[in-house]
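The next block holds one structure in the form of structure tokens; read it before the comments.
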Amino acid sequence: MPLAAIDHLLIQTADLEGTKNWYVETLGMTVGPHPDFRFPVYWLYVGDQPVLHLAEGGANVSANRMRYLGQQSTATHGSGVIDHVAFHCTDLTGMKARLDARGVGYTERQVDDQGLYQLFFEDPNGVKVELNFAAAEAEGHRAGVMASDLPA
């Protein structure tokens, strides 16, 4: 099975700084490196692992955030603020074939500065799922959206 481990959750918030500060001050997470998505984010780490991603949310998110991640909910409070669940995976070609065989539509994204190739799709409940593959597996694949192509 190509799924290796849960990678992270993304919480969308109208108060990016306040939410970041709460997780850092209350739970002891640390702010760490993240790719340049061309929209504001924080990646919060437990040890060396980025486990919680924070991004702007609500009704007025940036065009870059909409183009790269989309947005299913404009909620800024409650469980609707969890935008997606992500898994670290292997076998990009095999996973695409598996999704295609089951009629699961997906979008492909790539983050150049992190060496990450991503598939996004929804589960039967409308929950967004993100699968992350090493960029080395992306040879011969072309993402529909490249983070580096978004305006700075």
Residue, surrounded by the most Cβ atoms within 10 Å (Cβ to Cβ), within the range 102-116, restricted to residues that are at pLDDT 90 or above and either touching a Ser or Thr at 6+ places or on another chain (Cβ under 7 Å) or outside any loop (DSSP other than H, G, I, E, B) (or both): Glu108
First in the range 82-106 and of a type in the set (D, E, K, R), second anywhere and modelled with pLDDT under 90, Cβ under 6 Å, 6 or more apart: Asp83/Leu10; Asp83/Gln12; Asp91/Pro2
Pairs needed: first member in the range 119-141, at positive phi; second member anywhere, modelled with pLDDT under 85; C-beta distance under 9 Å; at least 6 residues apart or different chains. Gly126/Gln72
Members of the range 1-53 found to be within 23 Å of His88 (Cα to Cα) and basic (Lys, Arg), listed by number: Arg38
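The values are calculated or read from the model by the stated rules, or taken from the named source; none is laboratory data. It should be emphasised that the depicted structure is a prediction, and the values quoted were computed from it without experimental measurement. We place every Cβ from the backbone using ideal geometry, glycine too, and count neighbours over all the protein chains shown.
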